[in-house]
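Structure in structure tokens, see below.
The values are calculated or read from the model by the stated rules, or taken from the named source; none is laboratory data. All values reported here derive from a predicted model rather than from experimental measurement. Cβ sites come from the backbone with ideal geometry, for glycine too, and all protein chains shown count toward neighbours. Calculation scope for accessible area: heavy atoms of the full protein, side chains included, ligands and nucleic acids excluded. Shrake-Rupley method; radii C 1.70, N 1.55, O 1.52, S 1.80 Å.
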Amino acid sequence: MPLSKNFDFRSCEFAVAKRWECARAFRAGANALEGADTYCIMIPPPNVTGNLHMGHAFNNTLQDILVRWHRMRGFDTLWQPGQDHAGIATQMVVERKLADDGLPARREMSRDAFLEKVWEWKEESGGTIINQLKRLGASCDWERNRFTMDPEFHDAVLRVFVSLYRQGLIYRGKRLVNWDPHFETAISDLEVQQVEVRGRMWRLRYPLADGATYSHPTGADADGRPSGFETRAYLVVATTRPETMLGDTGVAVHPDDERYRHLVGKSVVLPLTGRVVPIVADEYADPEKGTGAVKMTPAHDFNDFDVGARTGLRTINVMDGRAAMLLEGNAEFLDGCAPPEETMAIHGLDRFEARERVVNLAEEQGWLDGVDEDVHMVPHGDRSGVAVEPYLTDQWFVDAAALAEPAIEAVRSGETRIHPERDEKHYFRWLENIEPWCISRQLWWGHQIPVWYDEDGKVYCAVTEAEARSAAGDKPLVRDEDVLDTWFSSALWPFGTLGWPERTPELARYYGTDVLVTGFDIIFFWVARMMMMGINQMGEVPFHTVYVHALVRDAKGKKMSKSLGNVLDPIGLIDEYGADAVRFTLTSMAAMGRDLKLSTGRIAGYRNFGTKLWNAARFAEMNGCRPDPGFDPLVLRVPLNRWIVGETARAREAVDAALAEFRFNDAAAVLYNHVWARVCDWYVEFSKPLFQGVDAAAADETRATMAWVIDQCLVLLHPIMPFITEQLWGDLAERRKMLVHVDWPDYASAEVADDAADRMMAWVIGLVEQVRSVRSELRVPAGATVPMSWLELDRAGLDALADNHAMIRRLARVGEVSRADHAPDGAVTIPVDGGVFCLELAELVDVTAERVRLSKVRHRLDDEITKIRSRLANERFTANAPEHVIDEQHARLEAAAGELAKLQSAIDRIPAA
RNA sequence: GGGCGUAUAGCUCAGCGGGAGAGCACUUCGUUGACAUCGAAGGGGUCACUGGUUCAAUCCCAGUUACGCCCACCA
């Protein structure tokens, strides 16, 4: 059945995908050669309930290209798919869903009941993203799909926890952590985003205890010296967070600060509470900032906590988990003071309401010194979007610094390489300054920490409760309620998915994977942590190359986000333009930049490219070009065929070279150019007269070559455009293998290409282009066949003309080309390498237009010749430049001069106006 | 406050120490039996600015400007 006029991607994509699936074409090791090296990529697991966004589409297209390329090359290839349970994100979605459905909130149901809801949601939506990845053409081994909450994976997570605990690399401690008051959980440093907030800075007066006073400088002269002094009975502190003053346990000044040093050791009476707190000296207090005196709230500020630890200040927590003020019944708070009623009325207020209340009271009571507008960065939870609270709680931590060392070393030594190199710097910078990693989360959805406590609070860390019990004797145990940071489990992805801790064949075979393809936004979250965990648990790096790619942005360069409403849905685009077009677009934009901007116009362009390819194949089919498994590119006779075979080999080499260096866009550009500009624009056109000509042998050879050339286009394009190529591959012939498993070619241009054929075809193409250009500029009707002859022609030119006569006639739309002794009147001469042609335009030629045309060319040549001459006349150039550069300049000069001479004779022939 | 990145055609972007490129857009022409999701021919750029290195700089170096990103303890 002949091919249809266009590629019907809507129906074909599903059919092709079905065939791959039925053939289990993507399973690990498919198409592997005997004893082949392995090639393994771990998918960055998308959130299980997520939807495919452009970033996924991009990321997975690049992985799929690498995977398909290696699979075709006979590697034992595994692309391991899976999904992440995404603790906070998923819990958030389900909680919102419960609210939308009018169901009881999480806290109104039991943990088990809530988790059941999450699993229900997972079952309902968990397959979505897999299907979307399949739509994209992702050739993962879907039968091996893993989920980070699979029982086996869960087991692996617990084992790693226990292992690290036993190595002393996991510990529990009461520390200040970033607390998300919305989700009521600790989060890690990385999950905190600094957001610029327009706020205020309040100056508060804390009266000195025992009626003490001191002399404080006022004003300043030009040299910054105080212009006077006043007697003060209070210290002024500045803060953006007045509500935390309820938890103040001191005031810090710099030990060398002349203004305050004599006050160190004295105390202030904290307003609202009557608590007497010391003035301490600490270098943290910066005399240049604020008033130089800093209120200390060790339980609600990271710096204050450190200062407090150094100077012996108490910690007083004055908030609950939702960041509402906690005063009533708060023993820490009430210890040492008896706050008045109006202070206790702050109890239960949200921190922001409390802030207002405290400021109002300060004003009423006369200890508000002043207010300034202030823009500052406030840390927010990246998921909840609310300001996080430094909060003092018991949490589990990983000693990240210890794990970081070998992870740094592995990249330094080159065992793992990061591309592009600048991302190595980010990796090092982060790991070298790493802080303890808070891994416990006060959530329900996740891997519950494998720790049990007895009634004395003694810790039993074990993989199973039974094990913990036996270690505890008969004592009753209670399990730690917290779950682990999602990234803790993602960090185990490269070995957890391969069956660890079982010593599976897959683990032995594929661990120490080849490439990790990821965006730079999760280098710290994920890449660095996989390195740490992989090396610690497996004794071997999880991957040998990290390819860091750009982020996808909208056409204006903005990060795509739902809140901005600028999200381009890849599935919608696939529906509209086809998966291949979307893939090709993403591939062609994959240069190692920082971000890439996507517009639909570009996708449409690559959809057209698919159509072009389709029609080239259709042309081949219509002309009886049948793929011949025995085709040998080395025994061709017709120069045209010898040439295109060499071009194909060069394209193959360029594609391989580009992919080997992750230069995806180069590979795409090479193929685009090869298929469209070389095969379609020239080879197909040249073949037409041959198919219709009398030389049956040449026609047959061209048919066979054409079939081969198209096949090679399909093969080479397959990693980028798998659907259309697979479809055509099947449509064009009965084949032993599907394209997805066809062996990647290895022909080299050195053996296949033929210099003489290349030169000849370049000459023919040049001639045709010149004739077309002349015709167009002189406004010769496009349909007119113009007489053409040659005035002089060297041996090579005569051969080229003879061998390609019909092709030249057709593409240049000229008549029989024969020898002429002189240019007839009204003829336009066309200089070529080794000869001169003339187009006999006669009455068709517009003399004025021709003069303009020629003088334009002449100017260009004059400029070039002048430039090269002056360069060659420069002695310092000839003395210093490498020989090949000088030779090149001479050659260019000669060529330009020759062209100019021919042009001049053409100009001379034009009748004077 | 620190660090990094980017400035090349109208737009989106490649490129790179010795002849400025692509796609889209634009102009003109075209019912050429693969394709109008097409074909042919064109126009369009002091490669951000200033200085330096070099025989030679869009490319390397320094600085400037603009935009963007990341990190940082909210006085």
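Give the residue that is farthest from A:G457 (Cα to Cα), with candidates limited to residues of the range A:349-405 that are touching a helix residue (DSSP H, G or I) at 6+ places or on another chain (Cβ under 6 Å) and within 11 Å of RNA strand B (Cβ to nearest atom).
A:R355
Right, A:L893: within 16 Å of RNA strand B (Cβ to nearest atom), within 29 Å of A:F686 (Cα to Cα) and open to solvent by less than 60 Å² (accessible area, probe 1.4 Å) or not?
In short, no.
Can you go through A:A806, A:A802 and tell me which one is outside any strand (DSSP E or B) and more than 16 Å from RNA strand B (Cβ to nearest atom)? Please lay out each step first, then the result.
Numbers: A:A806 fails: more than 16 Å from RNA strand B (Cβ to nearest atom).
Of A:A806, A:A802, the one residue that is outside any strand (DSSP E or B) and more than 16 Å from RNA strand B (Cβ to nearest atom) is A:A802.
Matching residues to (1) surrounded by fewer than 17 Cβ atoms within 10 Å (Cβ to Cβ); (2) small (G, A, S); (3) under 30 Å from A:R642 (Cα atoms); (4) in contact with a strand residue (DSSP E or B) (Cβ under 6 Å, 6 or more places away or on another chain):
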position	(1), (2), (3), (4)
A:M788	no, no, yes, yes
A:E792	yes, no, yes, yes
A:H805	yes, no, yes, no
A:V814	no, no, yes, yes
A:T848	yes, no, no, no
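Residue-wise test of (1) under 27 Å from A:R759 (Cα atoms); (2) of a type in the set (D, E, K, R); (3) under 34 Å from the mean Cα position of the chain (by Cα).
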position: A:P639; (1), (2), (3): yes, no, no
position: A:A649; (1), (2), (3): yes, no, yes
position: A:Y672; (1), (2), (3): yes, no, yes
position: A:D695; (1), (2), (3): yes, yes, no
position: A:L716; (1), (2), (3): yes, no, yes
position: A:D731; (1), (2), (3): no, yes, no
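Still on this structure, I have one more. So, in the range A:654-678, how many residues would count as being in contact (Cβ under 8 Å) with a residue 40 or more places away in the chain, of a type in the set (A, V, I, L, M) and either touching an Asp or Glu at 6+ places or on another chain (Cβ under 8 Å) or not in a helix (DSSP H, G or I) (or both)?
Qualifying residue count for the region: 0.
Residue by residue through the range A:27-85, note down the ones that are surrounded by 22 or more Cβ atoms within 10 Å (Cβ to Cβ), among the aromatic types (F, W, Y) and touching a strand residue (DSSP E or B) at 6+ places or on another chain (Cβ under 7 Å).
A:Y39, A:F58, A:W79 - these are the residues of the range A:27-85 that are surrounded by 22 or more Cβ atoms within 10 Å (Cβ to Cβ), among the aromatic types (F, W, Y) and touching a strand residue (DSSP E or B) at 6+ places or on another chain (Cβ under 7 Å).
Answer yes or no: is there a residue in the range A:844-854 that is under 25 Å from A:P781 (Cα atoms), more than 8 Å from RNA strand B (Cβ to nearest atom) and in contact with a Gly (Cβ under 6 Å, 6 or more places away or on another chain).
Of the range A:844-854, the ones under 25 Å from A:P781 (Cα atoms) are A:844-854.
Going one step further and asking which of them are more than 8 Å from RNA strand B (Cβ to nearest atom), we end up with A:844-854.
Still in the running and in contact with a Gly (Cβ under 6 Å, 6 or more places away or on another chain): A:845.
Yes - at least one qualifying residue is present in the range A:844-854.
The rows are residues; the columns are (1) closer than 21 Å to A:L190 by Cα; (2) charged (D, E, K, R); (3) buried (at least 18 other Cβ atoms within 10 Å of the Cβ); (4) modelled with pLDDT of 95 or more.
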site: A:K122; (1), (2), (3), (4): no, yes, yes, no
site: A:G127; (1), (2), (3), (4): no, no, no, no
site: A:I130; (1), (2), (3), (4): no, no, yes, no
site: A:C140; (1), (2), (3), (4): no, no, yes, yes
site: A:A156; (1), (2), (3), (4): no, no, yes, yes
site: A:F161; (1), (2), (3), (4): yes, no, yes, yes
site: A:G173; (1), (2), (3), (4): yes, no, no, no
site: A:W179; (1), (2), (3), (4): yes, no, yes, no
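Suppose we filter A:D656, A:D681 for residues that are away from RNA strand B (no atom under 15 Å from the Cβ) and of a type outside the set (V, I, T); which single one remains? Give the derivation first.
Working: A:D681 fails: away from RNA strand B (no atom under 15 Å from the Cβ).
When all the criteria are applied, what remains is A:D656.
Does A:F619 satisfy the condition of being open to solvent by 30 Å² or more (accessible area, probe 1.4 Å) and either near RNA strand B (Cβ under 8 Å from one of its atoms) or not small (G, A, S) (or both)?
yes
Strands (runs of 3 or more DSSP E) wholly in the range A:172-237 with at least 1 residues that are more than 30 Å from A:W487 (Cβ to Cβ) and touching a residue at least 60 places away in the same chain (Cβ under 8 Å) - which ones?
The qualifying strands (runs of 3 or more DSSP E) are A:192-207.
Moving on to the next point. Residue pairs, Cβ under 6 Å, 6 or more apart or interchain, first in the range A:244-264 and of a type outside the set (D, E, K, R), second open to solvent by less than 10 Å² (accessible area, probe 1.4 Å) and assigned to a helix (DSSP H, G or I). List them.
Partner pairs satisfying both residue conditions: A:A252/A:V307.
Would you be able to tell me the number of residues in the range A:801-850 that are among the basic types (K, R) and more than 15 Å from A:Q770 (Cα to Cα)?
1
Additional query: State which residue pairs qualify: first residue free of Cβ contacts under 8 Å to residues at least 60 places away in the same chain and inside the range A:60-87, second residue of a type in the set (V, I, T) and in a helix (DSSP H, G or I) in any location, beta carbons under 8 Å apart, and separation of 6 or more residues or different chains.
If the second residue must be of a type in the set (V, I, T) and in a helix (DSSP H, G or I), the pairs left are A:T77/A:V67.
Can you name every one of the helices (runs of 4 or more DSSP H) wholly within the range A:239-347 that holds 1 or more residues which are within 14 Å of RNA strand B (Cβ to nearest atom) and open to solvent by 10 Å² or more (accessible area, probe 1.4 Å)? Please lay out each step first, then the result.
Numbers: elements: A:302-311, A:331-334, A:341-344.
The helices (runs of 4 or more DSSP H) meeting that bar are A:302-311.
Which condition number does A:L516 fail, the rest of (1) hydrophobic (A, V, I, L, M, F, W, C); (2) part of a helix (DSSP H, G or I); (3) away from RNA strand B (no atom under 15 Å from the Cβ) being met?
(2)
For the range A:6-26, which residues satisfy the criterion of being of a type in the set (G, A, S) and either buried (at least 22 other Cβ atoms within 10 Å of the Cβ) or touching a Gly at 6+ places or on another chain (Cβ under 9 Å) (or both)?
Answer for the range A:6-26, where residues must be of a type in the set (G, A, S) and either buried (at least 22 other Cβ atoms within 10 Å of the Cβ) or touching a Gly at 6+ places or on another chain (Cβ under 9 Å) (or both): just A:A17.
What is the one condition in (1) open to solvent by less than 40 Å² (accessible area, probe 1.4 Å); (2) acidic (D, E); (3) part of a strand (DSSP E or B) that A:E373 does not satisfy?
Going through (1) open to solvent by less than 40 Å² (accessible area, probe 1.4 Å); (2) acidic (D, E); (3) part of a strand (DSSP E or B) one by one, A:E373 breaks only (1).
Where in the range A:408-506 are there helices (runs of 4 or more DSSP H), lying fully within it, with 1 or more residues that are out of contact with any Ser or Thr (no Cβ under 8 Å at 6 or more places or on another chain), charged (D, E, K, R) and more than 16 Å from RNA strand B (Cβ to nearest atom)?
Those helices (runs of 4 or more DSSP H) span A:465-471.
Checking A:A704 against (1) open to solvent by less than 10 Å² (accessible area, probe 1.4 Å); (2) in contact with a Cys (Cβ under 8 Å, 6 or more places away or on another chain), which test does it fail?
Every listed condition holds for A:A704 apart from (1).
For the range A:191-217, name all the residues that are more than 10 Å from RNA strand B (Cβ to nearest atom) and in contact with a helix residue (DSSP H, G or I) (Cβ under 7 Å, 6 or more places away or on another chain).
A:Y214, the sole residue that qualifies.
For A:S749, all conditions in the list (1) modelled with pLDDT under 95; (2) within 14 Å of RNA strand B (Cβ to nearest atom) hold save one; what is the number of the exception?
Single failed check for A:S749: (2).
Quick one: would you say A:V828 is open to solvent by less than 50 Å² (accessible area, probe 1.4 Å), not in a helix (DSSP H, G or I) and not small (G, A, S)? So that I can check it myself, show each step before the final result.
Numbers: open to solvent by less than 50 Å² (accessible area, probe 1.4 Å): yes; not in a helix (DSSP H, G or I): yes; not small (G, A, S): yes.
For A:V828, the condition - open to solvent by less than 50 Å² (accessible area, probe 1.4 Å), not in a helix (DSSP H, G or I) and not small (G, A, S) - is met.
For the range A:653-699, which residues satisfy the criterion of being open to solvent by 60 Å² or more (accessible area, probe 1.4 Å) and either of a type in the set (D, E) or touching a strand residue (DSSP E or B) at 6+ places or on another chain (Cβ under 6 Å) (or both)?
A:E661, A:D681, A:D695
Can you say whether A:R96 is in a helix (DSSP H, G or I), within 29 Å of A:D521 (Cβ to Cβ) and in contact with a strand residue (DSSP E or B) (Cβ under 6 Å, 6 or more places away or on another chain), as far as the supplied structure shows?
No; evaluated as a whole, the condition is false for this residue.
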